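To keep things clear, I will list the structure first and then write my remarks on it.
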Amino acid sequence: MGALSEFRFFRPASAAEAVRLRAEHPASRFIAGGTDLLPNMRRGLVGAEVLIDLSAVDEIRDMRRDGDRLRIGAGVSLAAVAADPLVRERLPALAEAALAVAGPTHRVAATLGGNLCLETRCQYFNQSEHWRAANQFCMKLDGDTCRVAPKSSRCYAAFSGDVAPALLALGAEVELLGPQGVRRLPLTDFYVDDGMKWLALGTDELLVAVTVPLVEGRVGSYEKLRVRGAIDFPLAGVAVVLRREGEAIAEVRIACTGVSSRPEFLVGLDELVGKPLDDAAFAAIERAIKRGTQPMETTLMSVPYRRRTTPVLAKRLVRRLWDEANQGG
Ligand SMILES: Cc1cc2nc3c(=O)[nH]c(=O)nc-3n(C[C@H](O)[C@H](O)[C@H](O)COP(=O)(O)OP(=O)(O)OC[C@H]3O[C@@H](n4cnc5c(N)ncnc54)[C@H](O)[C@@H]3O)c2cc1C
């Protein structure tokens, strides 16, 4: 890994000041925990002449219940999210996803906002300058061809954050602050299916907070496929949130990560509501995953393997949660 390039450093004390600095310095980046940004800068994958440190912006470091929603500031650490009693009890999918990120020391520094805004990843991008040069670079940086889909006009780098699928399955919203003020978006609309521009976040906007509905009777979980048991990005990850009423599905929400350029919330599962969890339901889940995800050769683990394991992870989780929901009710 190379040395860090020169940069100017600001440490604003408010979200408004952070946004003003971002607008004033087009070649700037926000830095939260720095656990993704700094390695990427050292590898020369991401450039920034100015870093705007968010660690003194207290208003984004707060987690509180707001009626039937939990509001989590973008600056809250993943360790704090995973340890929060309300998150553990009512939003277990979120607690598990936060705990699945990197290792314990990363999670103390890493923030929710940084995880949701994570740079997309690809085996042709996350490499040294030498390696990339020897492989004629790629569209995401310095080249003009997507190496995993050479005929394509777009980049297929994969979104590989663990927390986004859990929040998508939970129906979260994001709160963004820009020079024009605050806007709120469903998390589904925060992501774009493009490895080079995967966030619907303006260049001068700050992710301030995420709000998550607290829905009675929901159970949820997150599981990821990775090579090592820790400190490893998801090669495929699945979050499931489910409600059961007797022998009928009251709600089933599934989202995936690592298998597209954005975390994918699966549409089309509403048709299962009111029905039993039988072979037809599992087949519908498998179809929704096949339709909704597009694993490419962005990692060393093969596409057919990831294509086959993603529905396996989802169906296994649904089965376990279905049984758990029965015990709870
Ligand atoms: C060895 C290693 C293993 C890892 N394993 C995993 C893993 O298993 N799963 C996983 O999901 N991640 C993993 N990561 C990546 C990273 O640690 C986490 O995703 C972490 O949550 C990033 O958060 P951060 O606060 O450190 O972000 P930063 O590095 O500070 O920022 C990341 C990006 O988000 C932007 N940003 C940060 N906050 C905001 C905000 N409030 N508004 C707008 N933009 C913002 C930054 O400008 C930057 O572009 C790993 C990293 C390392 C080094």
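The values are calculated or read from the model by the stated rules, or taken from the named source; none is laboratory data. All values reported here derive from a predicted model rather than from experimental measurement. Positions of Cβ are generated from backbone atoms using ideal geometry, with glycine treated the same way; all protein chains shown enter the neighbour counts. Each accessible area value is taken on the protein alone, full model and side chains, heavy atoms only, with ligands, DNA and RNA left out. Shrake-Rupley method; radii C 1.70, N 1.55, O 1.52, S 1.80 Å.
Below is a table of values for the structure above.
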read-out	value
Matching entry among R307, R320 (being closer than 21 Å to R90 by Cα, assigned by TED's automatic domain parsing to the domain that holds C256 and among the charged types (D, E, K, R))	R320
Any hit, segment 278-290, residues being open to solvent by 40 Å² or more (accessible area, probe 1.4 Å) and in contact with an Asp or Glu (Cβ under 9 Å, 6 or more places away or on another chain)	no
Condition check for D232: open to solvent by 10 Å² or more (accessible area, probe 1.4 Å) and under 30 Å from R107 (Cβ atoms)	yes
Failed criterion for V46 (all others in (1) more than 30 Å from S5 (Cα to Cα); (2) surrounded by fewer than 23 Cβ atoms within 10 Å (Cβ to Cβ); (3) in contact (Cβ under 8 Å) with a residue 60 or more places away in the chain; (4) not charged (D, E, K, R) hold)	(1)
Selection count where residues are more than 28 Å from S128 (Cα to Cα), open to solvent by 30 Å² or more (accessible area, probe 1.4 Å) and of a type outside the set (D, E, K, R), scope segment 11-34	4
Hits in segment 300-323 (condition: surrounded by 16 or more Cβ atoms within 10 Å (Cβ to Cβ) and either over 24 Å from R226 (Cβ atoms) or at pLDDT below 95 (or both))	M301, W322
Among residues of segment 242-291, those that are farther than 24 Å from D193 by Cβ, small (G, A, S), outside any strand (DSSP E or B) and in contact with a strand residue (DSSP E or B) (Cβ under 9 Å, 6 or more places away or on another chain), counted	2
Search result, residues across segment 219-231 that are in a loop (DSSP other than H, G, I, E, B) and in contact (Cβ under 8 Å) with a residue 60 or more places away in the chain	V227, A230, I231
